[in-house]
1. If I fit a long axis through the Cα atoms of helix 245-255 and take the longest principal axis of the Cα atoms of the chain, what angle between them do I get, 0 to 90°, rounded to 10?
2. Rounded, prolate or oblate: pick one for the stretch 16-69, where a ≥ b ≥ c are the square roots of the eigenvalues of its C-alpha gyration tensor, a/c under 1.5 means rounded, and failing that, prolate if a/b is larger than b/c, else oblate.
3. Taking neighbour counts of Cβ atoms within 10 Å as a proxy for exposure, in what order, fewest first, do MET198, MET1 appear?
4. Give the Cα extents of the stretch 24-169 along the principal axes, in whole Å, largest first.
5. May I ask for the equivalent-ellipsoid semi-axes of the stretch 219-261, computed as the square root of five times each C-alpha gyration tensor eigenvalue and listed largest first in whole Å?
6. Compute the helix-to-body angle for 157-169: its Cα long axis versus the longest principal axis of the chain, expressed 0 to 90° and rounded to tens.
7. Whole angstrom only: what separates the Cα centroid of the stretch 165-221 from the Cα centroid of the stretch 37-81?
8. Can you tell me the 0 to 90 degree angle between the C-alpha axis of helix 124-143 and the longest principal axis of the chain, rounded to 10?
Amino acid sequence: MAIDLADYEKGAPFDGDYDAALAEVQKRLSRLQVAHVVCNLRSMILFEGWDAAGKGGAIQRLTMGWDPRHFHVWPIAAPTEEERGRHFLWRFWQKLPGRGRIAIFDRTWYGRVLVERVEAYASEREWRRAYDEINEFEAQQQADGVTIVKLFLHVTQEEQDKRLADRLDHPWKRWKVTPEDFRNRARRDDYLAAMKDMFRETDTRWAPWTVIDGNDKKAARIAALTHVADSLERIVPLEPPALDPDFERYARVQLGLPEKR
């Protein structure tokens, strides 16, 4: 079924105790990261969405209980001069997760078919070709054992404007607002058309999109973190791997512990 962003604009408040729900899902995520590390798994969590849709807040709460040695958050900005001289996916190959690691992308290679399309940084031939290139890139990662979780945070124009205004009025959040936010805002219809095409062309069985209604921040955070936890639970084993018996005997001798029977 085609993804329609209009289906994700209810903005219903979180129903329940937000702090308790957040603590519970973070506890799940903490356990899952340990299992992810122990089993040498590799995962990528992708965040796309509108400016001020809550990507940063969701990422902050997602990683709050994680061991920083085993994940990396990649904030994706405009490509450098060196990166512009290469294929658009080249810079992302440098950021793929190694064994036991999770790579989190705050914006992604989908910039090719969103901002680069809308702002004409890529030619029509380039961004149309990018759908197949992205699908093949993600299929390669999935076939190589990488789990891919793709999240899109959606907010209405009214909610986005409210958040941009709140940032302007907050002395410690003004730095988040840039002229680019308003250039993008002015071309919302163009972005909606690009997003519709993006979902149609790249919502694949090996890397499906999940849209989060971001119009209520608390509900959106719980929904996003729960989806990540559900996705990781499908790949990590429910039982820990057995301890090597030779190593266990050696360790017990060194620690002066009795042999386990």
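1. Between the helix axis and the principal axis of the chain, the angle is about 70 degrees.
2. Values: a/c = 2.58, a/b = 1.25, b/c = 2.05.
The shape class here is oblate.
3. Working: MET198 24, MET1 5.
Lowest count first: MET1, MET198.
4. Here the spans come out as 44, 42, 24 Å, largest first.
5. Over the Cα atoms of the stretch 219-261, the ellipsoid semi-axes are 40, 12, 7 Å.
6. 80 degrees
7. 16 Å
8. Between the helix axis and the principal axis of the chain, the angle is about 10 degrees.
Every number in this text was worked out from the coordinates using simple rules, so none of it is lab data. Values in this document were obtained by computation on a predicted structure and should not be read as measured data. Every residue, glycine among them, receives a Cβ derived from its backbone with ideal geometry; neighbour counts consider all protein chains shown.
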